[in-house]
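Following: one structure in structure tokens, then a few remarks.
Derivation of every value follows stated rules applied to the coordinates shown; laboratory data play no part. Since we're looking at a predicted model, the values are computed, not measured. A quick note on method: Cβ atoms are made from the backbone with ideal geometry, for glycine too, and the neighbour counts reach across all protein chains shown.
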Amino acid sequence: MSGSEPATSSQPNEADSTHADGAASDGRAVSPARPADGHAPSPSTRADATPAKPLKVFLIFYSTYGHILKLAETYKEALEKEEGVEVAIYQVSEVMPAAALAELQAPPKSAHPVIDPHALDQADAFVFGFPTWFGMMPASMQAFFDATGFLWQRGALHGKPASLFTSNMVQSGGQETSIMTAVTQLAHHGMIFVPAGYAAGGVMFGVDEAKGGSPWGGGTLAGDNRRDPSEAELAAVRAQAWHFAAVARNLAA
């Protein structure tokens, strides 16, 4: 199996001199400028304007060993710090037999509620997190998407933005392919995939430690399932969250 997840649960200074195309004077790419207050910019409104409707985000995850759970809760906390964003967190139903989970020595599931696909059209935007199993999303997450066919029939999710993150055991273990293949689910629904890009460029360019994540989405390395997400991996997830909040709000405006 190419990917499991961790048991539970700053950026280095950028070059001061950059070119207009976002590259540093030494040719390195740099992460987008972060507002001074540490949050994504909000759409401008007049003082007498009616307050904008909050952006409702559903964060939906599947976690076996707790690594994705930790990333999901970190992503949620970062989103909730953004003005005008409401986040509901859910897990998908487990489809793996209990005997198989016992063989994997998987811990009990978290207390987060299980998502009902019939509730999806209540959300304005989505974040999906899942581990890498054999280079793609696990069966439980696939079964969840398979259960959304009735929404596809009426285009209920068309035009809604979505963000993805993942985990696996080792570097080059399939994090990018897992997200790339998951984008097909979004495409058939007409959803808008919002990649992480290099929002966490200062973290991603560092080579002093092994870490998960890519321009496709945040990630963590689980190792033998006893490695917790590193602070660098969590920082990248937080950066992805504020970037996604800004894009999703602009699309909803």
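Quick rundown of the values:
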item: Dipole magnitude (debye, nearest 20) for region 199-253, charges at Cβ of Lys, Arg, Asp, Glu; result: 260
item: Size of electric dipole in region 55-252: Cβ of Lys, Arg +1 and of Asp, Glu -1, about Cα centre, debye, nearest 20; result: 240
item: Taking Ile192, Ile115 and counting other C-beta atoms within 10 Å, the order from fewest to most; result: Ile192, Ile115
item: Those GluC sites (Glu not before Pro) in region 63-95 that DSSP places in a loop and that have at most 15 other beta carbons within 10 Å; result: Glu83
item: Convex hull of region 55-252 built on C-alpha atoms - directionally averaged projected area, nm²; result: 10.3
item: Residue-wise HN-Hα coupling along region 149-159, computed from phi with Karplus coefficients 6.51, -1.76, 1.60 (Hz; x: Gly, Pro); result: x, 5, 6, 4, 4, 10, x, 5, 9, 4, x
item: Modelled FRET efficiency - R0 22 Å, Val95 with Val183, Cβ distances, 0.05 increments; result: 0.50
item: Region 112-127 - phi-based ³J(HN,Hα) in whole Hz, Karplus 6.51/-1.76/1.60, Gly and Pro as x; result: 5, x, 8, 6, 9, x, 5, 8, 4, 6, 7, 8, 8, 7, 9, 10
item: Burial ordering of Leu104, Leu164, Leu234, fewest other beta-carbon atoms within 10 Å first; result: Leu104, Leu234, Leu164
item: Residues with amide H under 5 Å from that of Val127, placed H, sequence gap 5 or more; result: Phe58, Leu59, Ile60, Ser163
item: Local net charge near Leu151, Cβ-Cβ under 13 Å (Lys/Arg +1, Asp/Glu -1); result: -1
item: Estimated FRET transfer efficiency (Val114, Phe205; beta-carbon r; R0 35 Å; 0.05); result: 0.40
item: For region 55-252, share of DSSP beta bridges that run antiparallel, in % to the nearest 5; result: 10
item: Likely footprinting exposure, Lys211, Lys81, fewest C-beta neighbours within 10 Å first; result: Lys81, Lys211
item: Residue-by-residue Karplus 3J(HN,Hα) for region 217-230, coefficients 6.51, -1.76, 1.60, Hz, glycine and proline x; result: x, x, x, 9, 9, 8, x, 8, 6, 9, 8, 7, x, 6
item: At most 16 other Cβ within 10 Å, DSSP loop - GluC sites (Glu not before Pro), region 159-253; result: Glu209
